[in-house]
Amino acid sequence: MNANTPLNESDVAELRAFREMAARDASKADRNPVLTAHWVGGSRSRVEFGDKVTHLNGDGDFNAMQMLLAALAACDVDLVAMHASFLGLPVESLSVEVTGHFNVRAYLGLEDTPGSGYDRIAYTVRISAPGATPEQIAYLRERCERSSPVGDSLARAIPLTLAFEANE
């Protein structure tokens with residue numbers, strides 16, 4: 001395989017070039033997305049990011065807590081596929097299964113209850129990459145542990161600032 005050959009449906013040369021650029025200038029890797037959720041009715045929201053739109057919490061939609069788990073799973077699918085491509089490993093199959101526990105009593109406004117967020121999350125990465133060495137598999141696992149933006153965000157406390165504006 002030469003450096004310009006796509007692997008795992010990724011342009012590896014383009015990914016490597018971006019990685020090198022980010023190594024030279026950390027600001028090239030900065031991201032600051034702004035999303036807006038609009039109430040549609042009931043518990044349903046329309047979430048917008050530029051020209052992209054999705055819905056949450058309606059009948060047949062993911063709820064916000066499921067979407068949080070989905071974000072972790074999708075982030076690590078992307079991460080593992082990208083790093084497998086960097087290693088020159090063709091991926092036959094890749095999945096991430098995520099589960100978490102939370103209790104909604106605080107969400108319902110009940111007093112003297114613990115927070116309503118996840119109190120534990122567990123996930124399993126399953127990959128089939130024929131020819132992968134144990135060292136390469138260990139490297140891919142380490143990437144999940146150290147490089148996943150969503151995993152890293154969930155694993156540490158993040159300052160959260162709320163502004164609440166209401167018409168008078």
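Here the gap between residue 70 and residue 47, fully extended at 0.36 nm per residue and compared with their Cα-Cα distance, gives a gain of 6.8 nm. State whether the range 1-54 is rounded, prolate or oblate according to the following rule on the C-alpha gyration tensor (a ≥ b ≥ c being the square roots of its eigenvalues): a/c under 1.5 gives rounded; otherwise a/b larger than b/c gives prolate, and the remaining case gives oblate. Because a/c hits 1.5 or more and a/b fails to exceed b/c, the range 1-54 counts as oblate. Relative to the longest principal axis of the Cα atoms of the chain, the long axis of helix 12-24 makes an angle of roughly 70 degrees. Spin-label pair residue 36-residue 111: with each label point 7 Å from Cα along the Cα-Cβ axis, the two points sit 3.8 nm from one another.
Indicate, rounded to the nearest 5 percent, the antiparallel portion of the DSSP beta bridges found entirely in the range 64-168.
For the range 64-168, the DSSP antiparallel bridge percentage is about 100.
A convex hull fitted around the alpha carbon atoms of the range 64-168 yields 137 Å³ per residue. Helix 64-86 and the longest principal axis of the C-alpha atoms of the chain enclose an angle of approximately 10°. Under the simplified labelling scheme, the residue 23-residue 62 pair shows an inter-label distance of 3.2 nm, with each label point 7 Å from Cα along Cα→Cβ. Once the C-beta distance of residue 162 and residue 135 is scaled by a Förster radius of 41 Å, the resulting FRET efficiency is 0.35 to the nearest 0.05.
Just so you know, all these numbers are worked out from the coordinates, no wet-lab data involved. Treat the numbers as computed from the prediction; the structure is a model and nothing was measured. Every residue, glycine as well, gets a Cβ built from its backbone with ideal geometry; the counts of neighbours run over all protein chains shown.
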